[in-house]
1. Which one is most open to solvent (accessible area, probe 1.4 Å) among residues in the range 160-210 that are touching a strand residue (DSSP E or B) at 6+ places or on another chain (Cβ under 9 Å) and of a type in the set (S, T, N, Q)?
2. In the range 46-93, which residues are polar (S, T, N, Q) and out of contact with any Leu (no Cβ under 8 Å at 6 or more places or on another chain)?
3. Identify all residues within the range 123-170 that are closer than 26 Å to residue 208 by Cβ, in contact (Cβ under 8 Å) with a residue 24 or more places away in the chain and outside any loop (DSSP other than H, G, I, E, B); write none if there are none.
4. Checking residue 155 against (1) touching a helix residue (DSSP H, G or I) at 6+ places or on another chain (Cβ under 8 Å); (2) of a type outside the set (Lys, Arg); (3) open to solvent by 90 Å² or more (accessible area, probe 1.4 Å), only one condition comes out false. Which one?
5. Sort out which residues of the range 180-190 are modelled with pLDDT under 90 and more than 32 Å from the chain's Cα centre (by Cα), and write them in order of number.
6. For the range 82-90, check the following and say yes or no: at least one residue is within 30 Å of residue 194 (Cβ to Cβ) and in contact with a helix residue (DSSP H, G or I) (Cβ under 8 Å, 6 or more places away or on another chain).
7. How many residues, within the range 21-58, are open to solvent by less than 30 Å² (accessible area, probe 1.4 Å) and modelled with pLDDT under 90?
8. For residue 67, work out the one condition from (1) touching a helix residue (DSSP H, G or I) at 6+ places or on another chain (Cβ under 7 Å); (2) open to solvent by 30 Å² or more (accessible area, probe 1.4 Å); (3) closer than 21 Å to residue 32 by Cβ it doesn't fulfil.
Amino acid sequence: MIYKSSDITKVYRKASQKDIDIWSEARDKEEPMKVKAREIAIALKLEMKISDIEFQGDGSKAIFYYTANDRVDFRQLIKEFAQVFKTRIEMKQVGFRQEASRLGGIGSCGRELCCSTWLTDFRSVNTSAARYQQLSLNPQKLAGQCGKLKCCLNYELDTYLDALRDFPDFETKLYTEKGDAICQKQDIFKGLMWFAYTDNFANWHVLKIEQVKEIVAQNKEKIRVSSLEDFAIEIVVEQEANFNNAMGQESLTRFDQPKKSKNKNRNKNKAQNPNGNQGDKTASNPNSKPNQGQNQNERKRNDEENQKPQNKRPIIIKKNEDKK
């Protein structure tokens, strides 16, 4: 790649450690200077945005990059900057795309911005590029981080234009005995066009571009075809492969330990003794003692009697009567 002479700065000598220290100290001053510079610009009520500050290697001059919609009279601003920062000031206006390339960021595709990584020239992008690629004209999706149309809209534009050369015009009308039909949609990759009658826009008929050209050629000879149904093709919708989760590998709770239910033993006992008689349990279990249930009942009665207050006579305390 050939660069212009103005883009390449002059090299004087190899940088020493002292030069590197001066440069790193100047770089550390850039961020607090940018905040202070924005406050001064707001105080002077200037319609501009200071996006970045860059120091020279020796720290003798600072370049202020700013964006503005109109021309800005920043003579008073430069005086304020020179008084506060004690250095030489240079103001440089950049566009919104250049601002995004200097600041960088992540695009909607999940990768770094093209303008900040490899893109060097910024070509103009029009909404016609989105129309040729059949994209929805949604400004939130078509605009990039700079607020302008995305540069990537021009990447595949030539490929789409080459593919559209074989297509009939989108405004092509087909004349049939059943009625006139208008194009509703195109599929550039599959070479298909969707047409609908003017009196029934709900039903669309799919035609190949060869069939459309054939009908157009007959219409030029003032011959009407019978109907679009004779030329329409049926699109078979492929069923998506559904993968069955037989082993439970996609379950989020597959590593959780199952909770032990307390009602298992009760359900087993109910199944063995549907009438719920305790005498059957003792009969079915030969090792169980016959008087075990009675001893438990007696213990419960004794505990209840001990908890009840005993019937004792109340103690009456008489006060000494006053002697007469």
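The values are calculated or read from the model by the stated rules, or taken from the named source; none is laboratory data. In this text, all values refer to a predicted model and were calculated from it rather than measured experimentally. No Cβ is skipped: glycine too gets one built from the backbone with ideal geometry, and neighbour counts run over all protein chains shown. Please note that ligands, DNA and RNA were not included when accessible areas were found on the heavy atoms of the full protein model with its side chains. Shrake-Rupley method; radii C 1.70, N 1.55, O 1.52, S 1.80 Å.
1. 203
2. The answer is 56, 60, 67, 69, 83, 87, 93.
3. Result: 132, 157, 160, 161, 163, 164.
4. Only one criterion is unmet by residue 155, namely (1).
5. none
6. Restricting attention to the range 82-90, the residues satisfying the condition of being within 30 Å of residue 194 (Cβ to Cβ) are none.
For the range 82-90, residues within 30 Å of residue 194 (Cβ to Cβ) and in contact with a helix residue (DSSP H, G or I) (Cβ under 8 Å, 6 or more places away or on another chain): absent.
7. Residues in the range 21-58 being open to solvent by less than 30 Å² (accessible area, probe 1.4 Å) and modelled with pLDDT under 90: 0 in total.
8. Failing condition for residue 67: (2).
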